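The values are calculated or read from the model by the stated rules, or taken from the named source; none is laboratory data. As the structure is a computational prediction, the values presented were derived from the model and not from experiment. Virtual Cβ from ideal backbone geometry, glycine too; neighbours counted across all protein chains shown. Each accessible area value is taken on the protein alone, full model and side chains, heavy atoms only, with ligands, DNA and RNA left out. Shrake-Rupley method; radii C 1.70, N 1.55, O 1.52, S 1.80 Å.
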Amino acid sequence: MSHSKPSESNGLTYADAGVDIDAGNALVDRIKPLVKATARPGADSDIGGFGGLFDLKGAGFKDPVLVAANDGVGTKLKIAIETGQHRTVGIDLVAMCVNDLVVQGAEPLFFLDYFATGALDVDTATDVVAGIADGCKQSGAALIGGETAEMPGMYGDGDYDLAGFSVGAVERGSILPRKDVETGDVLLGLASSGVHSNGYSMVRKIMELAGLSWSDAAPFESGRTLGEVLMEPTRIYVKPVLAALRATTGIKALAHITGGGLPENLPRVLPEKCSARIDLASISVPGVFSWLAKTGGVAEHEMLRTFNCGVGMVIVVSAQEAEAVSRSVEEAGETVIAIGHITDAGAEPVLFDNTLDLSA
């Protein structure tokens, strides 16, 4: 942003330094109705105060433990910026936080965001916040506050970064993972919506090496560009999982499959005496992963530790309740696959049988 030298009579203004207070105020006015639409019991979702308020008693909790999570969207933001698709990265931001809350059995209560840029573009920021509000509605969280930071010289033209912070609550006796995970428990995988929000540095490297652009047609999905497929937002599993937790008694642990994939995320919720044995042939691998593996020459083990490969969430459930839990999450719109079971501890915390079908 260039400015003429301030006149001596007017003096230097904040706008001369590259910060547009009026743009910030315009953004607040633009997003107020988006924020209001995320109101829920415990929060009225007005913004403008110095802090966001939440009434735990009003939300219906009796003896709650609070659970907090924060995350970002990573270099998926580069694709949003380069393609001008800003409307869904806010969903990714919320998803990365609230999916981490629900794996502890917690219901997301509220969300706050941090949007940082060099020069505030009100239209872009409004699109981003619209996505955040959408993600909040999908997960039942109230958007009760946030921060928009305009920092000239810190970011390149058009660049921005996002961070999100969410707090949830779980009744004291319902915290996950439970301590009774044991041999014979079943592993249910919930299908992902695509790449979600991890592995995008590798995605961008593959695109660069292959000399491809975001506007190129996706060879594995008719009628969509590579940019459109790769910007598919992260699936939010909160409401189906909470419904299953309330309707059944067999869920012992949940794992959100993010960076590190199945090999690194599943062990985080398993006792040392147990390993997870997964049949890779049972996983229906979306075409985008097959294409990435083929185009980049990426080995299966590297795919598994970089991407979700089609499984965005894993439920550890007692064998007796597996059918009921599966039915509950399917009725809520999820695609469920039995991908394995819990065994006595083996050579690795996660043991793989067969291979991923990356031929699609």
Run lengths n ≥ 4 of DSSP H only: what is the helix-derived mean residue ellipticity at 222 nm for the chain, with -39500 (n - 2.57) per run over all residues, to the nearest 500? -9500 deg cm²/dmol
With Thr306 itself left out, Lys, Arg at +1 and Asp, Glu at -1 over residues whose Cβ is under 14 Å from its Cβ give +1
Quick one: accessible area per residue over the range 1-140, 1.4 Å probe, rounded to a whole number of Å²? 49 Å²
Between the range 257-271 and the range 175-232, the alpha-carbon center distance in angstrom: 16 Å
Cα to Cα, under 18 Å, and not fewer than 8 places away if on the same chain: which lysines meet these conditions relative to Lys294? Lys205
Contact order normalised by length for the chain, with contacts defined as Cα pairs under 8 Å and 6 or more residues apart; what percent is it? 20 percent
For Lys137, go through the aspartates and glutamates and keep the ones whose alpha-carbon is under 14 Å away, minus same-chain ones fewer than eight residues off. Asp44, Asp92, Glu107
Carbon and sulfur %, accessible surface of the chain computed with the full protein complex present, 1.4 Å: 50 percent
Sequence-distant lysines (8 or more away, or on other chains) whose Cα lies within less than 26 Å of Lys179: Lys62, Lys239, Lys252, Lys273
